[in-house]
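So the structure is just underneath, and the comments pick up after that.
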Amino acid sequence: MSTEKTQYALNLLESAFINTKPRGVGCSFGKDSVTAVHLARRIDPNIPVFSIMTIFKPKETFEYLVEINRLLNLDVLVYMVAERVPQILIDNGIKVELLSPDNFREAQGTHENFLHTEDVDRCCHLLKVVPIQKAVANYDVLIDGLRSSEGITRQNLQEIEITGDLTKIHPILHFTEEDIFEYLKKNDIPIHPWYLKTFPDGKRYRSLGCAPCTRPIFDHESERDGRWQGSKKEGGECGIHTNQIKPSKQNIPLQKTFVMEKQDYNC
Ligand code: SF4
């Protein structure tokens, strides 16, 4: 990985942080958002970190959250639609804002797998989009771990995105999948165990979400091709990054409060 890309990301964050508060960084505890969190903390060691977890996330993701939270001293705040806080989060003193499952339960009806098999958009909206709207309500700036090479839905993103009353910064937009693993290794950050699994046919997990909607894929596929396989949003987005999660109160975009010249680096 070019150190230029890392330096560029750090410069972008430094510029973004000069006049922009309150801010926070979202972390799904996949490889990319952990990288973004680590970079953001190098510039602002106290930046708040939050995570949207769901009842369908693999148990390994909860275990990894606990491990990384401790290792990086994140003091992460988890938002979660659920009946109760998962025991592993209680046992490890993780802060959780529990959100009512009433709407999700009502939409599920009596079929407990109904939404994520029959209406993935609604399931993602209720379990992910609604919680992140709450998580960013008090932030002006959100840092996340989107990368343009992950799949078709992220190809044309800009590093600075202003949507409603929220400015989003994508510091690792130009990192490749290899860059991410190299950055984590170089900084002694363990990776989620699902990335280490290789299946007999050569497939592996390359983008992680909820267990029912995450499948291993081949190396020649796009990273997000394993998400929501067989549904209408195969390889797509859950809605966290495509919905306006903090609508403008005045319906006018925020002024950019910082400017950064694009630098050259080796891709
Ligand atoms: S990723 Fe799947 S299980 Fe998770 S919220 Fe979306 S549809 Fe539901």
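Bear in mind that the values in this text are calculations on the coordinates, not laboratory data. From a predicted model like this one, the values you see are computed outputs, not experimental measurements. Neighbour counts run over all protein chains shown; Cβ positions are idealised from the backbone, glycine included.
Quick notes on this structure:
- Note on GLU234 and ILE18: the extension gain reaches 73.9 nm, defined as 0.36 nm multiplied by sequence separation minus the Cα-Cα distance.
- Given the chain, longest segment not containing exposed loop GluC sites (Glu not before Pro) (DSSP; at most 11 other Cβ within 10 Å): 113-260
- PHE114, PHE50, PHE17 arranged by Cβ crowding within 10 Å, fewest neighbours leading: PHE114, PHE17, PHE50
- The trypsin sites (Lys or Arg not before Pro) found in region 39-143 that occupy coil by DSSP, while having at most 12 further C-beta atoms within 10 Å, are ARG84.
- Reduced Cα scattering model of region 144-188, Debye log10 I(q)/I(0), q = 0.16, 0.30 Å⁻¹: -0.47, -1.05
- Each listed q (0.13, 0.14, 0.15 Å⁻¹) maps to a log10 I(q)/I(0) for region 95-236, found by the Debye formula over equal Cα scatterers with no solvent: -0.75, -0.87, -0.99.
- Considering region 148-218 at the alpha-carbon level, its Rg and Dmax are found to be 14.8, 47 Å.
- Exposure proxy order (Cβ contacts within 10 Å, fewest to most) of PHE104, PHE218: PHE218, PHE104
- Counting other Cβ atoms within 10 Å as a rough exposure proxy, the listed residues VAL25, VAL78 run VAL78, VAL25 from fewest neighbours to most.
- Near the amide H of VAL96, within less than 5 Å, lie the amide hydrogens of VAL78, all on another chain or at least 5 residues away, with H placed in the peptide plane.
- Inter-label distance, GLU118 to LYS197: 2.7 nm, where each label sits 7 Å from its Cα along the C-beta direction.
- Under the span-like rule (Cα at least 18 Å along the axis, Kyte-Doolittle mean at least -1.0), DSSP H helices of the chain: 3-17, 31-43, 59-72
- Taking the C-alpha atoms of the chain, convex hull volume expressed per residue in Å³: 135 Å³
- Span from the region 173-207 Cα centroid across to the region 12-61 one, whole angstrom: 18 Å
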